[in-house]
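Remarks on the structure that follows.
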Amino acid sequence: MKLGTISRQGKPALVVKKGNSALLLSELCESADLGEAPRTMQDLIEGGADERARVEEALRRGEAAPLDPESLDWLAPQNRPSKILGVAFNNMGIRKSAHVDPGVPNFFLKAPSCLTGHNKPIVMEEHYGETIPELELAAVIGKKCRKIDVSEARKAIFGYSIINDVTSHGMKFGMDSIATTREPNLLRPHHLAWRRRHGDDDRDVYFVYHTRSKATDTFGPMGPWLTTADEVSDPNNLEVKGWFDGEPFAVDSTSSYRFKVEEVVAEASRYFTLEPGDVICFGTSAKGIGNFPNGHRSVNLHKLSGRLDIEVEGLGRLSNPVVHDWEA
């Protein structure tokens, strides 16, 4: 089942995909005499198995006017998670350049306010500097969990979607990072264990805080659909493709992940209580193609305006225009 969230008369409304159309869940439930539909994706997820079964019954029995998906005002399918977790360098194609592999996923947080929907603009401001797309599989958590085993992790997932982890390198290194040189008496082994040291006099310690660079408004396009987990047999083997103005720039697979979906979810649950509706992004597609030999790293959204399209096998196609506010 594929579910989405649209804005209708200024309020969120759930839709279900049927064929090439979207159907309002409220109309399906009403026509099937199944009561009021869940108002938001969060309500549906928190409703558990019973609410899920009611929605499936509404889709089987109910009727609704078909809507053209391209005419809808899309929101992110899950637009109010308590948190969005990302994993840096989870693609083996780029992780191989790491000085030291820590052996665990490198987590960061994105603000829920960065989420935006299908066909909504990714807005660049002039001071953002180099900004790149990151084509990623996302999972939405279906139940509260803490310290779960890898073998249990996929059972905690409600569904999967597409997310673009837009990242500004200009802000990351110009505004969200700072380097210090530690006095010898303040230097500790862990300050240097994660990188190569350039001689005994190298006492530089680097701090990077992914905040503006990852969580600025419109830096989290997601959707349009949230596909329930039962329809994704192997999330660790999905083809991922990207286009800019119709020209392919990336072709990769989730099989390139250093840490598999279930490993990421289990590791995250060791430190963060995962709440129903939370979003986890698993890492970017990195293999380039054609005029974009470095894949997503060849696409500087600060210099290019146009249309960005992402497909993840079986999940649909996420499209967003890239606009420069200083050119408006």
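We did not get these values from a lab; they are worked out from the coordinates using the rules stated. Please read these numbers as outputs of a predicted model, since none were measured by experiment. Quick reminder, even Gly has a Cβ in these numbers, built from the backbone with ideal geometry, and neighbours come from all protein chains shown.
For the stretch 242-313, the Stokes-Einstein estimate of translational diffusion at 4 °C and a viscosity of 1.567 mPa s comes to 92 µm²/s, using the Kirkwood hydrodynamic radius over alpha-carbon pairs. Here the gap between D101 and E152, fully extended at 0.36 nm per residue and compared with their Cα-Cα distance, gives a gain of 15.8 nm.
Compared with the direct C-alpha span, the chain from M92 to R270 gains 61.8 nm at full extension, assuming 0.36 nm per residue. The slack in the chain from N237 to D202, taken as 0.36 nm per residue of separation less the alpha-carbon distance, amounts to 8.4 nm. Loop-resident GluC sites (Glu not before Pro) (DSSP state other than H, G, I, E or B) in the stretch 41-82 with no more than 12 further Cβ atoms inside 10 Å of their Cβ: E63. Hey, which of these cross-link pairs are over 27 Å Cα-Cα: K172/K287; K96/K144; K17/K214; K11/K303; K83/K120? In this structure, K96/K144; K17/K214; K11/K303 exceed 27 Å between Cα atoms.
Near A98, once Lys and Arg are set to +1 and Asp and Glu to -1 for all other residues with Cβ below 14 Å from its Cβ, the sum equals +4. What separates the Cα centres of the stretch 169-230 and the stretch 259-310 is a distance of 16 Å. Between the beta carbons of A49 and E70, assuming R0 = 51 Å, the FRET efficiency works out to 0.95 to the nearest 0.05.
Counting only the Cα atoms, the chain fills a convex hull of 141 Å³ per residue. By the Stokes-Einstein formula, at 1.567 mPa s and 4 °C, the stretch 79-180 with its Kirkwood radius over alpha-carbon pairs has D equal to 80 µm²/s.
Look at the alpha carbon pairs under 8 Å that are at least 6 residues apart: their mean separation over the length of the chain gives a relative contact order of 24 percent.
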